[in-house]
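Here the structure is laid out as structure tokens; the discussion comes afterwards.
The values are calculated or read from the model by the stated rules, or taken from the named source; none is laboratory data. The model shown is predicted, which means the values in this text are computed figures rather than measured ones. Glycine gets a Cβ as well: all are built from the backbone with ideal geometry, and neighbour counts include every protein chain shown. Accessible surface areas use protein heavy atoms only, side chains included; no ligands, DNA or RNA. Shrake-Rupley method; radii C 1.70, N 1.55, O 1.52, S 1.80 Å.
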Amino acid sequence: MNASATSADSLRAALAGLLDGLPPNRAAQAVERLIANYRGTTPTDVPVLRDRSDVAAYAAYRMPATFEAVRGALGALREAAPDWEPRTHTDVGGGTGAASWAVAEAWEDRPPRTTVLDWAEPALALGRELAAGALDAEWRTARIGGALRLADTDLVTVSYVLKELTEADRAALVTEAARAARTVVIVEPGTPDGYERIIAARSLLVGAGFTVAAPCPHSGACPIEPGTDWCHFSARVSRSSLHRQVKGGSLPYEDEKYSYVAATREPATPTVSRITRRPQIRKGLVLLDLCGPGGLARETVTKRHGPRYKQARDADWGDSWPPGDSPDRF
């Protein structure tokens, strides 16, 4: 899932000065309160981001992680549908626009025209400010929920939004996205409940006639037995000074766990199988946990497999397997 760093670097540069003038302790307190809100179990009926200080702190803290998660989902979508290019994009609940930056990078040669919808005007205002001169985007206030109506568009992204809604509103929003778009990408936290929301959305999209392009190798039922495990992936995120201040960590990075589904009405060829856990590299062998057409399986790749062994050592969690056009199956 290689991608240019252009948008990532531009986003980091735009975020660099975001907290100027905001006392570090106040920024950290705002982030901690907002994280508690987002991790709560009660859906909200008002925007969680209330004012500029909230938005600035949370954007500096969360935008890089959301960007990397959506970037990963879009990379897998592009592998499955390499010839498809959206000309229009709607970012539902996009807030400060992290997903829109990822979309602009994914199709950087011809970025689509983006419309960002959110119910928090301070988030939209800051997103507009950050994106000035970098994104071809319009920022609109809209109540995100079951009553939302979308203009027809090529691509809809919904990232880290469904948890804020009731179950009925989630279903209505996904159904509306399926009606309006040719392709829908939904990203949620890589937690058991985040995965459950993704599976529910996936079922609605398949029922609406979409093909699952990624991460799944098929559009049939997920082979994971409910309650025993969950499908999620990981994206490496560079830590800012605010990350280190809030979390008290010393590492220059952290790993964002996320679950996602990318589904489309366009021609797409899903992967033969996908690596669903971090590969286990042992002396002379690599263990790969895979999801394929036959369900969940583990493949052991040893030095006896020649070039395939090197491919396995270079493989990462979330990658297609086997890489390239190899017809081999696990």
TODO: Any chance you could look up the accessible area of K257 with a 1.4 Å probe, heavy atoms only, rounded to 10 Å²?
DONE: 80 Å²
Task: Within the range 86-122: backbone nitrogen closer than 20 Å to the E129 label point (7 Å, Cα to C-beta) - done: 94-101, 116-122
TODO: List every residue whose amide H lies under 5 Å from the amide H of T115, counting only residues 5 or more places away in sequence or on a different chain, with H placed 1.01 Å from N in the peptide plane.
DONE: H89, T90, D91, E138
TODO: Just reorder T175, T183 by solvent-accessible area, largest first, 1.4 Å probe, all chains present.
DONE: T175, T183
Task: Translational diffusion of the range 128-264, µm² s⁻¹ [Kirkwood Rh, Cα pairs; Stokes-Einstein; 4 °C; 1.567 mPa s] - done: 78 µm²/s
- [ ] Considering only protein heavy atoms, with the full assembly of protein chains and a 1.4 angstrom probe, order H89, H305, H218 by accessible area, largest first.
- [x] H305, H218, H89
TODO: Could you pull the accessible area for C231 with a 1.4 Å probe, rounded to 10 Å²?
DONE: 30 Å²
Open item on the list: Based on alpha-carbon atoms only, what is the radius of gyration of the range 50-199 relative to the globular estimate 2.2 N^0.38 Å?
Closed with: 0.97
TODO: Subtract the Cα-Cα distance of E32 and R52 from 0.36 nm times their separation in residues, and report this length gain in nm to one decimal.
DONE: 5.6 nm
Task: With DNA, RNA and ligands ignored, accessible area of Y160 (1.4 Å probe; Å², nearest 10) - done: 40 Å²
- [ ] Determine the gain in length on full extension of the stretch D109-T302; use 0.36 nm per residue of separation and subtract their C-alpha separation, reporting nm with one decimal.
- [x] 65.5 nm
- [ ] Leaving ligands, DNA and RNA out of it, rank T66, T88 by accessible area with a 1.4 Å probe, largest first.
- [x] T88, T66
